[in-house]
Every structure is written in structure tokens, then in C-alpha cells.
Amino acid sequence: MSRQDVFPTPLIGADVLSAWLGRVVLIDVSFDLADGHAGEAAYRSAHLPGAFYAHLERDLSAAKTGRNGRHPLPTREAFAATVGAMGIRADTPVVVYDRQGGMFAARAWWMLRWLGHRAVALLDGGLPTWQALGYALDSGPGPVVASMDDAGLRICYPLSAEPGMPTLDADAVQAGLHQHTLIDARAPARFRGDIEPLDPVAGHIPGALNRPFQDNLAVDGRFLSAGQLKAAFDALWARTGDLRLPVVHQCGSGVTACHNLLAMAVAGFGDTALYPGSWSEWCADPTRPVRTCGVSIGH
């Protein structure tokens, strides 16, 4: 079963998914940045039948050092062990979802693609759309995760030799400030530096364009059409961007940036790059330049 057979785009509708239950691995990535326990509690209250749960900070992030951002990426090897324990293999179709319009599920989608996994899609509209259409839900604990096989060997996803998605670190972003189109997925007030509820410094990376990830969604919580998304990104380039430059996505901590990255893939722009550390890593180094309300700070 190839990715093209099941997932012709990065999104899958609830109606299509309902016919595939039992033949795909489902991962619930619901989370709440203000309450790290809320997403898992919501999962236990209701989740798609047979879905596993992936915790943003426990399963999709590495340990924080104070310099590597709020949600640093784990190693590919560590994440391969996480998804391998869910029974995911190279040809396993996987669907990720959440309750927040893909805000967190897009991170899981990107990380699976980063491992080299192609057969992954995001449930458009997530659990709310699934539930609104009357499809079944389970409650309680999910399926058992088996970290060891019958021989006592650790189960891991078979990694590709090279990452399946491009990334840039902070040094590469700083060196290429005028050679990339940097897209920031945060809310406009945070981008401008009017407020900063999560990180110690307000503002944005000089030269970045603001595309709040919520703008990718219609009022019903599903993604805009491919044509609408393409028109929106084309309008962004027309205002201040340059489509000839490589695109790099960032946000506060490398999570919602994946939403814009997925939206660009839906719109037909292909795979673009991610700066995983994002603003929370960038602003942890006082030598890096910062822009607030049109004023540059730093070197």
C-alpha cells in the first residue's frame, strides 16, 4: 500500500478515514500549552478507535537546556523508537490528529516525514469534525505500546539514511537572513513584540514574514482549499517576500511552524524547510539580532 494509494495529499477527510479504520495507525496529538496534562486527559475521555496518544513534550520533544528552545527536537533515533513501539513500519499508513485544528498534529506529521515516512496524513478538522459527522469514539487508555519484540530487542522504525525533511539550525538561519524567506507562524501581536507570554524576549527574527497558522483554517476548523492556500501564500510573497528564495518556517518553538509547512505542501509548493528551535531558541542567545515594531536590536 503506497502513500499515493491512500494519501494523495497531506490531508485526509473524516469520511475517507472512516473507511480505513483498522488499516491505519492513528495518533492523537491533542495538547494544551497552558496545561501539559490536559491533552492526555482529553484523549482518555474520547479518541478515535484504536488511536495511540503522543504527548508533545514527552514523545515529540527532547530535554530542554535553556538554550535549545521550548520544544527541541528529539534525535531521529529516539523518535524512531517512539513510533516503532506503536507498530509503525516503513509501509504503515499513519494518520495524526488533534482537537486544535492541527496545531499539534502538524508537528507529528512533520516528524514522521523527517524520519523518512511518506505514508502519513493529517485528519482534516481533527476530532471535532470526526465527532460532528457521527463517527465512533473510544474512551479510556489506548492500545498497549510494545517497546520490545518477542526476542527482547528494542523496536524502532527503520530510519532513512538522510532526514526526509530539510531543517536549518540557528547559525544557518542567521547566516542566511537575506538568502531565505523566513515565515513566522505566531500571532501578529507576538510577532510585532507587543506581547510575549511564553518567551523571555519579545519580537521576531529580522526579515521574517508573519503568517499566523490559524489563517490556514476555515471557520469550521478544516484547512482552506489548496487553491485558497496557494493564493494566500502568493499574496504574502507579493507584499514582502520573494518566491525565488528558499522558504524556512519558524514559530515560537517549532510546533505551529509545521502547520504552515503542511499548508504550503497542500497548496502545491512541495516540501519547505523548518527551523526547529524557532523564536524560543533564537532569543535565548543575546547576541542574535531581534526586531520589534520595525526596530532592530542586537548585532
> Hey, among the residues in the range 190-206 that are without any contact (Cβ under 8 Å) to a residue 40 or more places away in the chain and surrounded by 14 or more Cβ atoms within 10 Å (Cβ to Cβ), which one's nearest to the chain's Cα centre (by Cα)?
Replying inline: Phe191
> Do we have any residue at all in the range 224-232 that's within 26 Å of Gly66 (Cβ to Cβ), out of contact with any helix residue (DSSP H, G or I) (no Cβ under 7 Å at 6 or more places or on another chain) and free of Cβ contacts under 8 Å to residues at least 24 places away in the same chain?
Replying inline: no
> For Met86, all conditions in the list (1) over 24 Å from Gly221 (Cβ atoms); (2) touching a residue at least 40 places away in the same chain (Cβ under 8 Å); (3) in contact with a helix residue (DSSP H, G or I) (Cβ under 8 Å, 6 or more places away or on another chain) hold save one; what is the number of the exception?
Replying inline: (3)
> When the range 62-101 is examined, which residues are found to be more than 15 Å from the chain's Cα centre (by Cα) and under 20 Å from Tyr43 (Cβ atoms)?
Replying inline: Thr82, Val83, Ala85, Met86, Gly87, Ile88
>> Can you pull out every residue in the range 82-100 that is under 26 Å from Leu168 (Cα atoms), open to solvent by 10 Å² or more (accessible area, probe 1.4 Å) and either part of a loop (DSSP other than H, G, I, E, B) or aliphatic (A, V, I, L, M) (or both)?
In response: Ala90
>> I'd like the full set of residues that are surrounded by 18 or more Cβ atoms within 10 Å (Cβ to Cβ) and either in a loop (DSSP other than H, G, I, E, B) or over 14 Å from the mean Cα position of the chain (by Cα) (or both), limited to the range 102-125.
In response: Gly102, Met103, Phe104, Gly116, His117, Ala119, Asp124, Gly125
> Somewhere in the range 38-47, is a residue open to solvent by 20 Å² or more (accessible area, probe 1.4 Å) and within 12 Å of Pro93 (Cβ to Cβ)?
Replying inline: no
>> With crowded, with 16+ Cβ neighbours inside 10 Å, in contact with a strand residue (DSSP E or B) (Cβ under 7 Å, 6 or more places away or on another chain) and of a type in the set (Ser, Thr, Tyr) as the only criterion, which of Thr129, Thr167 stands out?
In response: Thr167
>> Pairs please, first residue from the range 120-139 and under 11 Å from Pro49 (Cα atoms), second anywhere and open to solvent by 70 Å² or more (accessible area, probe 1.4 Å) and of a type outside the set (S, T, N, Q), Cβ atoms under 7 Å, 6+ apart in sequence or on different chains.
In response: Ser139/Arg44
> If we only count helices (runs of 4 or more DSSP H) wholly inside the range 167-286, which ones have 2 or more residues that are in contact with a Leu (Cβ under 8 Å, 6 or more places away or on another chain)?
Replying inline: 226-240, 257-266
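The values are calculated or read from the model by the stated rules, or taken from the named source; none is laboratory data. Because the structure is a prediction, the values reported are computed rather than measured. Neighbour counts are summed over all protein chains in view; Cβ atoms, including those assigned to glycine, are modelled from backbone coordinates with ideal geometry. Side chains are part of the model used for accessible areas, which takes the heavy atoms of the whole protein and leaves out ligands, DNA and RNA. Shrake-Rupley method; radii C 1.70, N 1.55, O 1.52, S 1.80 Å.
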